[in-house]
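A quick write-up on the structure given underneath.
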Amino acid sequence: MFAVTNSIGMFGMNAFPVTVEAEVFKGHPQFDLSGLPDTGIKESRDRVRSAASSVGIQFPKGRILINLAPADVKKSGSAFDLAIFVCLMQAMDILSLRMPERIFIGELGLHGTVRGVRGIMTMTMLARKNGCREIYVPKENVREAAVIDNIQVYGIESVEELMLHLVGQQVLQPEPHYEPEFQQNNLDMMDFSDVRGQFKARSGMELAAAGGHNILLVGSPGSGKSMLVNRLPTILPKMTKEEILETSNIYSVAGLLSPERPLITQRPFRAPHHTISTAGLAGGGSIPAPGEISLAHNGVLFLDELAEFNRKTLEVLRQPLEARKVTISRAAGSAEYPCSFMLTAAMNPCPCGYRGSPLKKCTCTQKQINQYISRVSGPMLERFDLHIDVDPIRYDEFSAKEKPESSAVIRERVEAARERQAFRYKGLGFYNNASIPDKLIDKFCQLDAAAESMFGRMYEHYHMSARAGIRVKKTARSSADLHGREKIQCEDISAAVQFRGFESKYL
Ligand SMILES: Nc1ncnc2c1ncn2[C@@H]1O[C@H](COP(=O)(O)OP(=O)(O)O)[C@@H](O)[C@H]1O
Ligand SMILES: [Mg+2]
Ligand SMILES: [Zn+2]
């Protein structure tokens with residue numbers, strides 16, 4: 001008998017419908033799978049057989065033919081197991097032939113267990129879009145699916161459970177809709193109230209958080225760069241539901257969600273080591289998987305010891321930084337992943353680390369310093385809106401009794417500034433000052449008369465490039481938003497310019 005069942009395949013972030021067709025013929029016992037399956041799907045034959053015997057069903061004596069359509073799309077992974085199983089049960093007349101508007105996704109384990117797969121959230125979105133009414137997914141992934149509304153989601157633990165449900169003997173309840181809730185990043189108890197002194201660096205961090213700006217921290221070892229950056233997520237605004245879904249989606253495709261962490265409800269903070277490969281950073285693999293820049297989507301990517309990174313590795317960051325998405329091309333096809341993140345980097349000012357430090361004398365020659373700085377290319381350095389010099393704190397600051405301002409208080413100001421931006425940029429496809437497109441700078445970064453003439457003087461004095469000028473205006477916009485000013489004023493310009501020291505000092 002001929003049977004058809006619906007499933008969904010994934011390539012990168014893209015889900016596509018897959019139809020499983022099964023037919024059982026009389027004749028020599030044989031099991032064939034067609035439709036460009038890779039070895040993973042061939043292995044599914046054995047898994048399906050073992051699942052069937054777990055519910056006491058032997059394969060029919062004749063020839064079994066399974067086809068996955070469309071045939072011309074490369075399919076991979078083990079997520080079709082469950083649909084193949086259901087389709088075969090239909091072809092064998094054990095299950096009803098008519099199961100339209102139902103989709104089955106899952107890998108079969110030994111003894112008929114259903115195991116989790118990647119990309120369930122995206123697949124469920126597609127199922128809903130295509131008007132499907134019920135989706136059956138592995139219990140492990142059920143929460144990912146349950147955030148999508150207007151579709152009934154069933155979490156399945158075993159084929160036995162599924163069979164009893166489908167024949168109406170023990171009907172399962174659909175998973176209740178699940179509303180993700182943002183969690184503040186303070187689980188590891190890090191807070192800005194731990195950071196003594198450092199008033200300028202703290203205000204730089206706040207300014208960067210307010211507008212989503214990329215920042216570079218420069219200072220001698222032990223001056224507190226890592227300490228400051230590690231606390232950045234604690235002053236970033238709450239994730240919206242859309243952001244939670246977008247980021248979770250990437251983690252789902254990467255196979256990084258689990259029943260303990262069904263969704264990403266905290267802003268990501270990714271700090272890859274400087275030995276990371278290009279593929280690890282940008283994404284890669286024969287079936288392109290997301291890299292660190294995409295795992296940092298809607299959060300922070302921290303490159304500590306920036307000068308230690310391979311220059312080629314850093315070069316791959318440039319384009320995705322501007323585009324906020326990355327395309328990875330492989331023989332199997334190309335995949336696109338979003339990667340909108342705050343780039344945060346830290347480095348020493350020179351090889352010995354003590355250039356400009358009051359603590360120790362720098363022992364480097366100018367040539368060594370130039371070499372060190374040039375490891376990070378100029379165009380890379382230009383991607384940072386703010387350069388924050390971090391000086392070691394003095395003893396009186398270190399031993400001061402009063403407690404520094406907490407992250408919660410700073411975050412409140414940041415949230416207010418972000419709300420102004422969200423309102424101003426509504427419907428324009430970007431949401432913070434860091435991402436204002438160049439052609440809209442004049443429209444959204446208006447200076448009052450005094451600020452205009454001050455900006456002109458600063459521009460000349462510091463020999464700014466047009467690009468640097470744009471960065472200053474964006475940062476000044478964030479300063480104005482922190483203070484609730486519609487037009488940029490002189491204070492905002494100087495707040496922004498004080499964080500452009502790196503160029504004049506090192507380039
Ligand atoms: N401003 C500060 N307030 C309190 N402790 C600090 C401060 N700066 C540095 N420290 C202490 O020094 C340690 C080293 O700082 P770290 O952030 O690792 O420096 P860097 O990354 O610049 O080398 C921190 O873990 C912290 O204990
Ligand atoms: Mg450090
Ligand atoms: Zn030095």
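Bear in mind these aren't lab numbers, they're just calculated from the coordinates by the rules spelled out. Given the structure is predicted, the values throughout are model-derived calculations rather than measurements. Using ideal geometry, Cβ is built from the backbone for each residue, glycine included, and neighbour counts are taken over all protein chains shown.
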*asked:* Is the C-alpha gyration tensor of region 209-315 telling us rounded, prolate or oblate? Criteria: a/c under 1.5 is rounded; beyond that, a/b larger than b/c is prolate, otherwise oblate.
replied: oblate
*So which aspartates and glutamates pass the test for K225, namely a Cα distance under 16 Å, with those fewer than 8 places away in the same chain ruled out?*
D191, D194, E206, D304, E305, E308, D389, D391
*How long are the semi-axes of the ellipsoid equivalent to region 159-241, from square roots of 5 times the Cα gyration tensor eigenvalues, in whole Å, largest first?*
49, 14, 11
*By how many nm would the segment from L110 to T278 lengthen if fully extended, with 0.36 nm per residue of separation less the alpha-carbon distance?*
56.8 nm
*Counting each DSSP H run of 4 or more residues in the chain as -39500 (n - 2.57), what helix-only mean residue ellipticity at 222 nm follows after dividing by all residues, to the nearest 500 deg cm²/dmol?*
-10500 deg cm²/dmol
*Any chance you could give the angle, 0 to 90 degrees and rounded to 10, that helix 81-91 forms with the longest Cα principal axis of the chain?*
20
*What's the exposure ranking of T122, T278, T240, going from fewest to most Cβ atoms within 10 Å?*
T240, T278, T122
*Stretch gain in nm, segment R467-E315, where the contour uses 0.36 nm per residue and the Cα spacing is subtracted*: 52.9 nm
*So how do I151, I493 line up by other beta-carbon neighbours within 10 Å, fewest first?*
I151, I493
*asked:* Quick check on packing: order 133-146, 9-22 by the mean number of other C-beta atoms within 10 Å, highest mean leading.
replied: 133-146, 9-22
*Theoretical FRET efficiency, 1/(1+(r/R0)^6), r = Cβ-Cβ of R330 and K129, R0 25 Å, to 0.05*: 0.40
_Exceeding 19 Å between C-alpha atoms, which entries from my cross-link table qualify? They are K238/K403; K42/K74; K238/K443._
K238/K403; K238/K443
*asked:* Only counting other Cβ atoms within 10 Å, I'd like T265, T344, T234 sorted with the fewest neighbours first.
replied: T265, T234, T344
*asked:* With bins 20 Å wide starting at 0, give me the P(r) of the chain over every alpha carbon pair, in whole percents.
replied: 21, 44, 25, 10, 0
*Pairs to check: K200/K367; K312/K367; K129/K241; K26/K129; K367/K439. Give those whose C-alpha atoms are more than 28 Å from each other in this structure.*
K200/K367; K26/K129; K367/K439
